[in-house]
Each structure stands twice: as structure tokens, then as C-alpha cells.
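Asker: Sharing a structure below in C-alpha cells format, with a few things to ask.
The values are calculated or read from the model by the stated rules, or taken from the named source; none is laboratory data. Because the structure is a prediction, the values reported are computed rather than measured. So basically every Cβ, Gly included, is an ideal-geometry build from the backbone, and we count neighbours across all protein chains shown.
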């Protein structure tokens, strides 16, 4: 039996029964697992789950109230996206450490303070991915060192404008929109 995240609903137990679990695909970033899950009294049903190591997103907030976002190509959606600096967790890596690393790699910014903004589960119907969100302050500028395959442009805009862009759908990356809204509620 596996424990499922979340709370019991309508008197149901906070776990799920599984059987016949197998890995269908092992990739560079994700694995795909198939299993049968007992769904209440409806019986056993087959589910495929994309297993992801998780990641972080860091919203750098400057003393003047502006934030640094990045523009980069996202081949999965065939678009250049405006997002907060983010990246994948290495095996065993603490989310805050990963966040500081990704922030510096992608923007050159070094944060003196990192505040937890909670998590987001981007697509829990298919993915087990959890993204840890942080607000970075007490910033100093260093040298960016993006991955060899990343072509990143930094964009600095007022937090209020970025929040409005998320509300208007101009920023449609989920982790970025949520981090902006959570940060705006704290500053």
C-alpha cells in the first residue's frame, strides 16, 4: 500500500492499494510507470503516471519592487516563455539549495535570503512532480552560468506589472503565475 498525499475525503482512508506496477519508459528526465489502483468500490483500474524528480522555482524580488524573470525556449509547448528562474532537483538535493543554484546559474543573482512560498503540483492527474517555490531577496549580481543548452534572457519588471500579466494570461506558466500571486500577497 502506498500513502497518497492529501487528506481523507468523505470518510475514505488516506492510502491507496496498488498492484501490477511496472516501468514502461525510463528517460533522461522522467519515467513512466503503469499500475493498477483500487478505486473505492469501483474496482481495479489501470493508471499511467509520469514520475518526475521535482523542481524549484525562485522569484527574485529587488528592493525597488521589481522582479527578475527569464525568457527561454520551451520545446514541449513550442514557445518562448516568460518564467521565474527554475530547475530540476538533483537526487537527494534540498529544494532551497537547488533554488539558490538555479537562480545564480540562470540570472547571475545571488540571494541573501530565501523565503518558502510553498509548493505546486502542476498536473497531479498524470505527473507526480512537486515544484517548491521560493521568494529570493537581499540580492546581489554575480555572473550567470546557464546550462549549455539554455538560451536565457533576463527581464526585470515591477512585481505589480508581472502579477497583472499573470492575471491577463500573458504569463501562463503555472509555477510562475502562482509564485507571483503568493509573493504579491506577502509584500
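Asker: For segment 139-156, give me each residue that is part of a strand (DSSP E or B) and under 21 Å from the mean Cα position of the chain (by Cα).
Answerer: Looking only at segment 139-156, we keep the residues that are part of a strand (DSSP E or B), and these are 139-141, 153-156.
Those that are part of a strand (DSSP E or B) and under 21 Å from the mean Cα position of the chain (by Cα): 153, 154, 155, 156.
Asker: Which of the numbered conditions does residue 85 fail, given that it passes all the others? Conditions: (1) in contact (Cβ under 8 Å) with a residue 40 or more places away in the chain; (2) under 23 Å from residue 63 (Cβ atoms); (3) surrounded by 21 or more Cβ atoms within 10 Å (Cβ to Cβ).
Answerer: Residue 85 satisfies every listed condition except (1).
Asker: Kindly evaluate residue 86 against the criterion of being under 21 Å from residue 172 (Cα atoms) and at pLDDT below 95. Give the steps one after another, and end with the answer.
Answerer: On the way: under 21 Å from residue 172 (Cα atoms): yes; at pLDDT below 95: no.
So residue 86 does not fit the description; no.
Asker: Please identify the pairs in which a residue from segment 133-145 that is on the phi > 0 side of the Ramachandran plot has its Cβ atom under 7 Å from the Cβ atom of a residue that is crowded, with 17+ Cβ neighbours inside 10 Å and modelled with pLDDT of 95 or more, counting only partners at least 6 apart or on another chain.
Answerer: Hits for this filter: 138/111.
Asker: Answer yes or no: is there a residue in segment 112-119 that is in the same structural domain as residue 156 (by TED's automatic domain parsing) and surrounded by 21 or more Cβ atoms within 10 Å (Cβ to Cβ). Give the derivation first.
Answerer: As a first pass, look at segment 112-119 and keep what is in the same structural domain as residue 156 (by TED's automatic domain parsing): 112-119.
Pick out the ones that are also surrounded by 21 or more Cβ atoms within 10 Å (Cβ to Cβ) and you get 117.
Taking every residue of segment 112-119 in turn, at least one turns out to be in the same structural domain as residue 156 (by TED's automatic domain parsing) and surrounded by 21 or more Cβ atoms within 10 Å (Cβ to Cβ).
Asker: Can you find a residue in segment 162-174 that is closer than 16 Å to residue 55 by Cα, surrounded by 13 or more Cβ atoms within 10 Å (Cβ to Cβ) and either assigned by TED's automatic domain parsing to the domain that holds residue 70 or without any contact (Cβ under 8 Å) to a residue 60 or more places away in the chain (or both)?
Answerer: yes
Asker: Can you pull out every residue in segment 18-65 that is in a loop (DSSP other than H, G, I, E, B) and closer than 25 Å to residue 86 by Cα? Steps first, please.
Answerer: Start the filter on segment 18-65 by keeping residues that are in a loop (DSSP other than H, G, I, E, B), which leaves 27-30, 39-43, 52-54, 62-65.
27, 28, 29, 30, 52, 53, 54, 62, 63, 64, 65 - these are the residues of segment 18-65 that are in a loop (DSSP other than H, G, I, E, B) and closer than 25 Å to residue 86 by Cα.
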